[in-house]
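Note sheet for the following structure.
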Amino acid sequence: MFTYRPALAAALLSCLASVGCSGGDATDTDTGFENVAGSGGDVGPDGGAGGSDGGDGGDGMPGGHGGGTGSEEYPLDDLLRINEIQTEGTHNSYHKWSPIPLLTYGHPPLDEQLSLYSVRQFELDVHWEGGSFSVFHSFADKPSTCTSLIECLTILKTWSNGNPGHQPLFVIIEPKDDLDISKIKKEHFSVMEDEVLSVWPRDLIVTPDDVRGVHPDLRTAITTDGWPTLGEARGKILFFMLNRTDDYLDGDPSAAGRLFFPRGEDGSEPYAGVFTVEEAQGKEDEIRRLVTEGFIVRTRYSGGDLIYSDARVEAALRGGAQWLSGDYEQDFSLPDGLPSRCNPVNAPPECFAEAIE
């Protein structure tokens, strides 16, 4: 099992840099994560976490899986779809430790989250500065492990190049300008897409057009044909626009030609595909409804005024939310899978975690 603790990586990194780590707890007061790979489960020589049976990790990937695709390694690639899994994520994934109350958390650099801690979903807050997009939380809270959208995406792309068989990466983009002098205008979204394409080529991005296919809109396509299979999405990335839907779509609810999936509200929108339900407790039925209808749901297990609780995590897992992210120093365990597990609500019975990645 993998436990995420954004306050505990330094000891693990030090251990990996020397002679390797055992399956026991790694603790420190700096930012980080903890690997609890089961009784006697060692961390592999390249950072892959050993299995719960104590087997060695290998090739820098969880459970001994290296990069690359193929029916022998991933036999369910033509069956499993990208909405039929549950994935570990981080909120404000770029964020360094801050002394500001409610912001006293931090994450390792993005490539370390990928390689050492099996994170596959990220969130980047973007601000318009000097003709391009910077990445930080606010002007009062600017420490970031990557400071521009291009830099952050380049880190993800470099890791992807070295691990071409990975499950799709999911990246949430949150445009922010409430306290900024420079405001994000409607025309700036085309610049944002150009910056994305300068790093990630179009054929490695899962876009609304890819999912819509011959259907008139995303909602019809998803509820009729579903999402791409894992085999179709390996080595790729999917972007989700957290807000500013009207400005981003600019009057075209089909999202034709767009790179990012807009945020759905209740499932009736023609662009409905990806949703966010911040608090799973009390909304488990809502999450399950959206997931059962074919949509992707992101929820958080901590962050801001959400204090970590086992009950919140359990509600999110039972409801079938596909992306679970947080940012505080409490424990978070994604059971039965690393980096992802089979979704208990909609995964086919043939699914097993190693078939995902």
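Structural remarks
- Members of segment 96-133 that are among the aliphatic types (A, V, I, L, M), buried (at least 21 other Cβ atoms within 10 Å of the Cβ) and either in contact (Cβ under 8 Å) with a residue 60 or more places away in the chain or on the phi > 0 side of the Ramachandran plot (or both): Leu116, Val119, Val126
- Residue match in segment 215-227 (condition: of a type outside the set (Ser, Thr, Tyr), touching a helix residue (DSSP H, G or I) at 6+ places or on another chain (Cβ under 9 Å), more than 21 Å from Gln322 (Cβ to Cβ) and open to solvent by less than 10 Å² (accessible area, probe 1.4 Å)): no
- With respect to being free of Cβ contacts under 8 Å to residues at least 12 places away in the same chain and either among the small types (Gly, Ala, Ser) or in contact with a Ser or Thr (Cβ under 9 Å, 6 or more places away or on another chain) (or both), Glu269 falls outside the description.
- Residue match in segment 304-321 (condition: assigned to a loop (DSSP other than H, G, I, E, B), open to solvent by less than 20 Å² (accessible area, probe 1.4 Å) and closer than 26 Å to Leu76 by Cα): yes
- Residue ranges of strands (runs of 3 or more DSSP E) in segment 70-157 with at least 3 members modelled with pLDDT under 95: 85-90
- Yes/no for Phe139 being aromatic (Phe, Trp, Tyr), under 25 Å from Ser302 (Cβ atoms) and surrounded by fewer than 15 Cβ atoms within 10 Å (Cβ to Cβ): yes
- Tally of residues being under 14 Å from Gln121 (Cα atoms) and among the charged types (D, E, K, R) across segment 82-105: 1
- Selection within segment 254-286 - hydroxyl-bearing (Ser, Thr, Tyr) and within 13 Å of Arg212 (Cα to Cα): Ser254, Tyr271
- Residues that are over 21 Å from the mean Cα position of the chain (by Cα) and buried (at least 16 other Cβ atoms within 10 Å of the Cβ) were ranked within segment 254-264; the one that is nearest to Glu123 (Cα to Cα) is Ala255.
- Selection from segment 158-198 of residues that are open to solvent by 60 Å² or more (accessible area, probe 1.4 Å), part of a helix (DSSP H, G or I) and of a type in the set (D, E, K, R): Asp194
- Subset of segment 265-291 that is among the small types (Gly, Ala, Ser) and surrounded by fewer than 23 Cβ atoms within 10 Å (Cβ to Cβ) - its residue that is farthest from Val345 (Cα to Cα): Ser268
The values are calculated or read from the model by the stated rules, or taken from the named source; none is laboratory data. Here the structure is a predicted model, which means the values were calculated and not measured. Glycine also receives a Cβ, built like all others from the backbone with ideal geometry; neighbour counts cover every protein chain displayed. Just the protein is used for accessible areas: all its heavy atoms, side chains included, with ligands, DNA and RNA removed. Shrake-Rupley method; radii C 1.70, N 1.55, O 1.52, S 1.80 Å.
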